[in-house]
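Worksheet: one structure, shown below.
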Amino acid sequence: EPEVTQTPSHQVTQMGQEVILRCVPISNHLYFYWYRQILGQKVEFLVSFYNNEISEKSEIFDDQFSVERPDGSNFTLKIRSTKLEDSAMYFCASSEVRNTEAFFGQGTRLTVV
Amino acid sequence: QKEVEQNSGPLSVPEGAIASLNCTYSDRVSQSFFWYRQYSGKSPELIMSIYSNGDKEDGRFTAQLNKASQYVSLLIRDSQPSDSATYLCAVNPEDFGNEKLTFGTGTRLTIIP
């Protein structure tokens, strides 16, 4: 069964460092998303991406964040200068059609120390 | 602020009984509704989607939607210990350029053997 895959599963980084989280969406899906979940809190939307550009972003997604689809399969989230409060689970998701079922990857646990 | 409200629980249900999970949402233009299951430390797993008023059944799961009351529910029949998880209600509006899922905080369900 097709699935969204994310790497790494866990990343520890020092405050101020740059991190890149990687995702391979389901192959025939056209819409890609990043969400995050701080421990004990709700899942929060960060950004959606379609046709090689950002289609929507939340107020969390400030200038420290960027997304890219560097090739036909990967979708990345970059955090330029990590802060302690960026520590969270980051989930990539994809959907075939807009506003329909979104399937989530297993997540990357980011710990900023 | 578009909100999705769920009773955080915990909701305890005996094995074999029916578990009933409820969700209300504030945005009247919402058109797509989803239930995700999330085990502790894992990613959200899609279990049901519903787009029109009424009931939708899939195996032991039934989703119910009432747009007039802005209410969506999930029934789990013949509850099993493996159903113990947090259930997330997620809502997606239909308006163009707004593709994000808004999640509730989740209801923690415990099935008692």
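The values are calculated or read from the model by the stated rules, or taken from the named source; none is laboratory data. Given the structure is predicted, the values throughout are model-derived calculations rather than measurements. Heads up, the Cβs are rebuilt from the backbone with ideal geometry, glycines too, and the neighbour counts pull from every protein chain shown. Protein only, heavy atoms only, side chains kept; ligands, DNA and RNA dropped before computing areas. Shrake-Rupley method; radii C 1.70, N 1.55, O 1.52, S 1.80 Å.
Tabulated values for the structure
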| quantity | calculated |
| --- | --- |
| Wholly within the range B:20-75, strands (runs of 3 or more DSSP E) carrying at least 2 residues that are surrounded by 15 or more Cβ atoms within 10 Å (Cβ to Cβ) and β-branched (Val, Ile, Thr) | B:45-50 |
| Residues located in the range A:85-105, provided they are more than 25 Å from B:Pro93 (Cβ to Cβ) and open to solvent by less than 20 Å² (accessible area, probe 1.4 Å) | A:Asp86 |
| Residues of the range A:56-76 satisfying the condition of being within 24 Å of B:Leu88 (Cα to Cα) and open to solvent by less than 70 Å² (accessible area, probe 1.4 Å) | A:Glu56, A:Ser58, A:Ile60, A:Phe61 |
| Subset of the range A:85-113 that is small (Gly, Ala, Ser) and either part of a loop (DSSP other than H, G, I, E, B) or in contact with a Phe, Trp or Tyr (Cβ under 9 Å, 6 or more places away or on another chain) (or both) - its residue that is nearest to the other protein chains (Cβ to nearest Cβ) | A:Gly107 |
| Condition broken by A:Thr82, with the remaining ones in (1) within 23 Å of A:Gln17 (Cα to Cα); (2) away from chain B (no Cβ under 12 Å); (3) assigned to a loop (DSSP other than H, G, I, E, B); (4) open to solvent by 40 Å² or more (accessible area, probe 1.4 Å) satisfied | (4) |
| B:Leu109 under 15 Å from the mean Cα position of the chain (by Cα), assigned to a strand (DSSP E or B) and away from chain A (no Cβ under 14 Å) | yes |
| Sole exception among (1) over 20 Å from B:Ser43 (Cβ atoms); (2) within 14 Å of chain B (Cβ to nearest Cβ); (3) part of a loop (DSSP other than H, G, I, E, B) for A:Ile60, by number | (1) |
